[in-house]
Each structure stands twice: as structure tokens, then as C-alpha cells.
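Presented below is the structure to which this report refers.
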Amino acid sequence: MISSDKLKKLYLEFFQRKGHKIIANASLIPENDPTALFISAGMHPLVPYLLGQPHTSGKKLVNVQKCFRTTDIDEVGDSFHLSFFEMLGNWSLGEYFKEKSIQWSYEFLTSKKWLNIDEKRLYITVFAGDEKIPRDTESARIWKELGIPKEKIFYLPKEDNFWGPIGSIGPCGPDTEIFYDTGKEPCGSECHPGCPCGKFNEIWNNVFMEYNRTQDGEYELLKQKNVDTGMGVERTVAVLQGKDTVYETEIFTPLIKRIKNLADIETISKEQIKSVRVIVDHSRAATFLLAEGIAPRNVEQGYVLRRIIRGAIRHGKLIGIEEEFLSVLSLIIIETYSGEYPHLKSNEDFIVTELKNEYKKFNNTLARGLNRFNRIARKKNKIDSKDAFLLYQSFGFPIEITKELGLENGIFVDVDGFHEEFQKHQKVSRISAEKKFGSGLADHSIETVKLHTATHLLNEALRRVLRKEIIQKGSNITQERLRFDFNFDRKLTEQELQDIEEIVNSQIRKALPVKRIDTTLDEAVKMGSQAVFDQKYGEQVSVYTIGDFSLEICSGPHVNNTGELGRFRIIKEEGISAGVRRIRAVLDS
Ligand code: SER
């Protein structure tokens, strides 16, 4: 039986033998990408390199990447969707293209030495083409040459076989997807790979990223033809083990055992399945998000975290778990994964404390909120925008929980009206990840580049003014402002803020050169470079120096000289969780 650990090991080994370098599993929180809350695919941190920036590890890369997809939270409960998952990926940055990519996928899947899947089980989809992008007959030809019969190769439209970009602009392209036939009866005469009935399960997606989607929705050819492939670890393991759901794999066994124990149930009933799956998924996702230093809040990543923690707590009640249980489950998750993800262990106290605190906060209002929901539902047979807002504001119900309650009870919930109501109260609603559009890592606008360099200056200035142990806990840059989180446990004084501004501005006045050095991680550390998260870097890194003021491992891009920056001004300083402060700052021209 192939376990998830074994699959990861085999995948990395296979592609290393094909000349790929292993790159680090990046943080779940995108760096310098204001347009996305989470890393949602292995290619996400690689956008600058897919666009043509040289990568320090070369042109053939492979890794395991942790991902979180807000768009899939509502789907959790079915057989295969997970909000947090691990993705295996291999990339060609302008090196090999369709031929090798498909041949290697076929070899890895079917060779006795590797996964040894019976090739008769494989079904393939390719891009059918549209008015802007041609039909992918080349991929179909390569599959046929490998021995896949043409009746097992399906041409599907853009909705199915075109991937990217992340956000609205950036690298994207047609893909070929590989499906595994479970051997079940087809659901009807139209059943084909891509049909959600469960006969065919997708195991791998090879994207041929040769296009860049521009601001006006056109597709221009990139400087280089890239390959980006993605294989979901949990679902592939389920398929290889002949399981009908990801939850039946060994990955989740200890968690499910503990949940049954906490709920005091022998066999999970049909009515309980969804709740158990939600708890499994959300507890694992919450543990990984907390390990990044994110705390439950009402905006951005913290809001998504709050939503999944509260969702899990409600589902816990539904299956009869009365006491606080998420911290108990988080310890199992930390135990399972800390070999690969040591930052789980080093953040254990924070994870456990935040889960307990959030339970306390929500548990205080949950029962009363549910009563209120039932009363309104009985009286009006719907939840209008004001009721939904009341449930949010007075009882701490994220709108998604109210929506789910509505679905369970067959009651309409005015979700759009809620958002309008919310905006009236908040002016700018920042709670929905899906509403965040923009350019992301593909955005190399001069404003973001300048603010990125200013972030390095701020990082160093904080160390000089506060203490040398300051480290970055998060960074987010839009075209308008930078936002920087760091470890410090009290409010900064007016004097400290002024000193920080002055140090940054004096480095700007000095017009210091900004230089990039490509080197090994060991060398970079020896040089005294600032680094960010545990486990984040590959063996090869780039280091940016700003005069002799700052030295930081970073993938760029940056301005050439600090003289280009304008005047640095801090606009806000606040605490965001225990021991973490946040500064927002701008550059005035
Ligand atoms: N980016 C593609 C995906 O996420 C392939 O890696 O499916």
C-alpha cells in the first residue's frame, strides 16, 4: 500500500532523477501578493519565475507545497474536497515542454518501479480550443503515442482544461488532466472524465503555461514555455489505496478515531458523516493556518480562520461533542506532521491557546444564536440581511455558517444583502477572499516594487530601534501601502515610531544601491541575512543587499537604488495577536 509519505518520497525522487531540484515548501501566506489571502497551488509562489525571472535552483523544479483553497471550504463534506491539502508539483521554467512532461507523468504513474498503476485505468482530457487559444492536438498525439487509446482521450472546453491565472492576470495555459477509472459503473451515457459521479478521479494536472493573461483579458505568449503540474497528495493516495474518499486513508485515521471517541460514537451514521469530515478538514487547516502566526480575527486571513474554527465547533455540537475539542485534535495533527513541518511544533502553544480562546468566545454565544436563528426562521421563513447581520454582530456567526444553517433547514438566507449591510458598517468589506481580484505576484508595478524595498528598510529599522531579535511574521503589499507584521509584545511609543521613520528615511536620502546576490542558503545565513519562516527556502537562494544597511533573503523584485523611494511614513501601528504587532506605511512622493 502506498502511504502519503511514500507517495511524496517517490515523487520527489523520480523528478530529482530527471534533473529537477527540490525547492522549499513555501508559507501558506503569499509574500508580497496583496491580491490573494493564501497559497492555493504549487505554482503560486513561482509566478515571477514563470514570467521569466531566473530561479536560483535552475529551470527544473519539484516540491511538495501546502495549499489552502477558500473556494473549496463549502465543498468540504463530500468525498474528495479538502480546504487544506498538500500538492506535489514539478515545473519546467522554459526548459522541457509537452513531450517530456507527458512522458514522465506516464512513466511515474505506470512504471513498476514507481506507482505501477495499470495503464488501462488511465483516462485523459485535453483542451478543446476556443476562439483565442488553439485546440491541443499535440498533447493528444503524445498520449496516443504512449499507448492511450483515442477513445480514452477527451477534448474538453476552457472551464475544464485551462488553468490560471491566479487572480486576473499572469501565467496560464491549457492543461491535460489524468484520471483514474475506479471501475465503477458509469452514471449514464454521458459519463466521462470530469464527471463528478465518482467513476473517474482526477489525479494529476499538467498545465502548459505559455500564455500571460493581460489586464484587458487578452492572452499573449510568455517569453518562455513553462510546465506546471499539480498532483493532490490526499486524493491520489485515496485512489491508489482503492478508497472511495480521502477520509478513509491512513492520513486521517488517528483524527477520526479521536473524534469518534470525543463524540462517543461507535459507527458514524449517514447524518454524522458531513460533520466528521468538516471537523477533520477544518481542524487540520486551522492548525496549519495558526502555525503561520495567523490568529482568528474579523478580516482577511484571520476571518477565514475564524470561519473554519467556528464551523468546526458547530459541527462538533451536531455530533454531540460538548467540550472544547479542537486543541485536542490539533495536538494529533502537530504530532503527525511535525517531522515535515517543524514550525507546527514550535508554534504549538500559540495554536492550542488560540483554539481554546476562540472556542470560549464562540461557545458563549453559539446556543443563543442558534435559538435566535430558529425563532427568526419560524417567524419569517427566511433570514434577511438585517437578521444575518445581527447573527454576525451579536452572536459571532460568520455569514457562511448562517448560510449553511439556511441550507440545512431549507430557509433562504440573503447573503448578498448581508454583504451590503456589512459594507454600510465597515465602509470597505475585506472579508471575502473570492472578492480579492487583482494582479498578485504578477504585479511588478513600480509602486509595489518600491514598497517592497521599503519593507526591507523597515524590517532592519525595527531591529535597530526595538531589538535585534525582531523577525518578520507576515508581509503584504498593495500599490498603495505596505503592511508588515513582526514579533513584539507591546505598543510602540511615539518616539520609537518617529525613530523608525527617520532611520528608513535617512537610508532613502543616502541613495543606497540595491543588489541581488545568488548563493546557497548556508552561505546566505553565514553572511548574516535576514530570513523569514522555518523550512521556507531551497538550497539556492537570492539575497538582496541595501548598501551595508540591510541583507535579506528574498526573491525580489526591488528598485535599484533607495533614492527612488520617496518619503516613508508610518500610518498605523497595532497589535494583531499575542506578541505580534503590525505596521502599515506608505511612500509619499
Ligand atoms: N496549477 C495547477 C493546479 O493547481 C497545476 O499545478 O492544478
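Descriptive notes on the structure:
- Over all Cα atoms in region 480-560, the spread is summed up by Rg and Dmax: 14.7, 41 Å.
- Considering helices alone, the calculated mean residue ellipticity of the chain at 222 nm is -12500 deg cm²/dmol, with DSSP H runs of length four and up weighted by -39500 (n - 2.57) and normalised per residue.
- Overall form of region 1-68 per C-alpha gyration tensor (a/c, 1.5; a/b vs b/c): oblate
- Loop trypsin sites (Lys or Arg not before Pro), region 109-167, which have at most 13 other Cβ atoms in a 10 Å radius of their Cβ (DSSP): 112, 113, 132
- Order of 1, 87 - criterion: other Cβ atoms within 10 Å of each residue's Cβ, fewest first: 1, 87
- Net lengthening on full extension, residue 520/residue 111 (0.36 nm per residue, minus Cα-Cα): 143.8 nm
- Exposure proxy ranking, count of Cβ atoms within 10 Å, fewest first, for 336, 353, 455: 353, 336, 455
- Relative contact order of the chain, taken over Cα pairs closer than 8 Å and 6 or more residues apart, is 14 percent.
- Spin-label pair residue 150/residue 9, simplified geometry with 7 Å Cα→Cβ offset, distance in nm: 4.3 nm
- Net charge dipole size for region 45-133 [Lys, Arg +1 and Asp, Glu -1 on Cβ; Debye, nearest 20]: 500 debye
- Listed residues 238, 393, 541: farthest to the positive end of the dipole of the chain (Cβ charges): 393
- Amide proton proximity set for residue 203, modelled H, under 5 Å, gap of 5+: 178, 179, 180
- Nitroxide proxy distance, nm - points 7 Å out along Cα→Cβ at residue 248 and residue 74: 2.8 nm
- Neighbourhood charge, 14 Å Cβ-Cβ cut-off, centred on residue 179 and excluding it, Lys, Arg +1 and Asp, Glu -1: -2
- Whole-Hz Karplus values for region 262-271 come out as 5, 8, 6, 10, 7, 10, 6, 7, 4, 5 Hz, taken residue by residue from phi with 6.51 cos²θ - 1.76 cosθ + 1.60 and θ = phi - 60°; glycine and proline positions read x.
- Furthest towards positive pole of dipole, 180, 70, 503, structure part the chain, Cβ charges: 503
- Cα gyration tensor shape of region 1-150, rounded if a/c is under 1.5, else prolate or oblate by comparing a/b with b/c: rounded
- FRET efficiency, 1/(1 + (r/R0)^6) with R0 60 Å, evaluated for residue 539 and residue 416 via beta carbons: 0.75
- The loop-placed GluC sites (Glu not before Pro) in region 279-351, going by DSSP, that have at most 14 neighbouring Cβ atoms within 10 Å of their Cβ come out as 322, 323, 340.
- Taking amide H atoms as placed 1.01 Å from N in the peptide plane, the amide H of residue 245 has no partner under 5 Å among residues 5 or more positions away or on other chains.
- For residue 130 and residue 408, the difference between the fully extended length at 0.36 nm per residue and the C-alpha to C-alpha distance is 96.1 nm.
- Taking amide H positions as modeled 1.01 Å from N, with prolines and chain starts lacking one, the residues under 5 Å from residue 474 and 5 or more places away or on another chain are 485.
- In order along region 452-469, phi translates into HN-Hα couplings of 5, 5, 4, 4, 5, 5, 4, 3, 6, 4, 4, 5, 6, 8, 8, 6, 6, 7 Hz, rounded to whole numbers, per the Karplus curve 6.51 cos²θ - 1.76 cosθ + 1.60 with θ = phi - 60° and x for Gly and Pro.
- Which of 513, 423, 43, positive extreme of dipole for the chain (C-beta unit charges): 423
- In summary, the convex hull built on the alpha carbon positions of region 141-289 has an orientation-averaged projected area of 12.6 nm².
- Simple Cβ-charge dipole of the chain, Lys/Arg +1 and Asp/Glu -1, about Cα centre, in debye nearest 20: 800 debye
- Stokes-Einstein D in µm²/s, Kirkwood radius over Cα pairs - region 95-182 at 10 °C with 1.306 mPa s viscosity: 115 µm²/s
- Sum of side-chain charges, residue 547 neighbourhood, beta-carbon under 13 Å (Lys, Arg +1; Asp, Glu -1): 0
- Stretch gain in nm, segment residue 510-residue 338, where the contour uses 0.36 nm per residue and the Cα spacing is subtracted: 57.4 nm
- Anisotropy class of the chain from Cα gyration tensor, a/c 1.5 cut: oblate
- Cβ-based net charge around residue 355, under 13 Å, with every Lys or Arg adding one and every Asp or Glu removing one: 0
- Charge dipole (Cα centre; +1 on Lys/Arg Cβ, -1 on Asp/Glu Cβ; no other charges) of region 1-76 amounts to roughly 600 debye.
- Using the Karplus relation 6.51 cos²θ - 1.76 cosθ + 1.60 with θ = phi - 60°, the per-residue 3J(HN,Hα) values for region 87-104 come to 10, 8, x, 10, 10, 10, 9, x, 9, 6, 9, 4, 4, 5, 4, 5, 4, 5 Hz, with x marking Gly and Pro.
Throughout, read-outs are computed from the coordinates displayed, never taken from laboratory work. Here the structure is a predicted model, which is why all the values come from computation and not from measurement. Cβ: placed from backbone, ideal geometry, glycine included. Neighbour counts: every protein chain shown.
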